[in-house]
Amino acid sequence: ATSTVKNTVRFFVFTVILFIAGCAGTSLKGNPPQASGIPAGQRIAILVTAEEREFMLNEMRFFLDMMYISTDALSRGDMATVARAARRRGTEEMAREPRGLYEKLMPAYRISIEETRKQIDQLADDAEKVGEPQATIKRFSQILYQCNFCHSTFQLRIAASRP
């Protein structure tokens, strides 16, 4: 049973690495995964300032960092590290957003952000309380679906400055 869990974890880590590698060069510039069926040129534009866009891109990088740390810890059966890494990206982190950014985002995007962060909170809870790698992998799958959906539906654009 232990070798089956290790093999499943290795497969999952490999899949996440492929996902990250595939998205790294295309997240907002090229052709993202098409889970929503929306062609890349028709994704919904979210208009933000250059500073807000940089903040949002950094948040996405932090999510990837959390996934890297967590999958590495998961491969070693270190559920405490999985939980700690996830806690740093959950709903409590929404308070760090620049003043007014959240309110200006369209409702569908806000819902996606909230759902992803809630799932990350649940991931941390699962890792702490359940401690089952399979449950954690399933939760990661749900989070990656949210990421894929969002990247294939929305794009960040810098709003034109007013004269």
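The values are calculated or read from the model by the stated rules, or taken from the named source; none is laboratory data. Model, not experiment: these values are computed from the prediction. Using ideal geometry, Cβ is built from the backbone for each residue, glycine included, and neighbour counts are taken over all protein chains shown. Keep in mind that these areas ignore ligands, DNA and RNA; they rest on the heavy atoms of the full protein, side chains included. Shrake-Rupley method; radii C 1.70, N 1.55, O 1.52, S 1.80 Å.
Suppose every Lys and Arg Cβ carries +1 and every Asp and Glu Cβ carries -1, with no other charges. What dipole size does segment 56-163 come out with about its Cα centre, to the nearest 20 debye?
Roughly 400 debye, rounded to the nearest 20.
Run down the aspartates and glutamates and flag those whose C-alpha is under 12 Å from the C-alpha of residue 104, throwing out any fewer than 8 positions away in its chain.
52
I need the peptides 86-95, 49-58, 138-147 ranked by packing, meaning the mean over residues of other C-beta atoms within 10 angstrom, with the highest value on top. Display every interim value, and only then the final one.
Working: 86-95: 16.0, 49-58: 14.3, 138-147: 18.0.
Those peptides, ordered most packed to least, come out 138-147, 86-95, 49-58.
Expected output is a single nm value to one decimal: the length gained when fully extending between residue 160 and residue 59, i.e. 0.36 nm times separation in residues minus the C-alpha distance. What is it?
So the chain would gain 34.1 nm between residue 160 and residue 59.
Students often forget the sequence filter, so: which aspartates and glutamates lie under 20 Å Cα-Cα from residue 129 once same-chain residues fewer than 8 apart are removed?
Leaving aside aspartates and glutamates fewer than 8 places away in the same chain, those within reach of residue 129 are 72, 78, 92, 121.
Extending each Cα 7 Å along its Cβ direction at residue 80 and residue 93, get the distance between those two points in nm, one decimal.
2.2 nm
Keeping all protein chains in position, work out how much accessible area residue 68 exposes to a 1.4 Å probe, and write it in Å² to the nearest 10.
Counting only protein heavy atoms, the figure is 140 Å².
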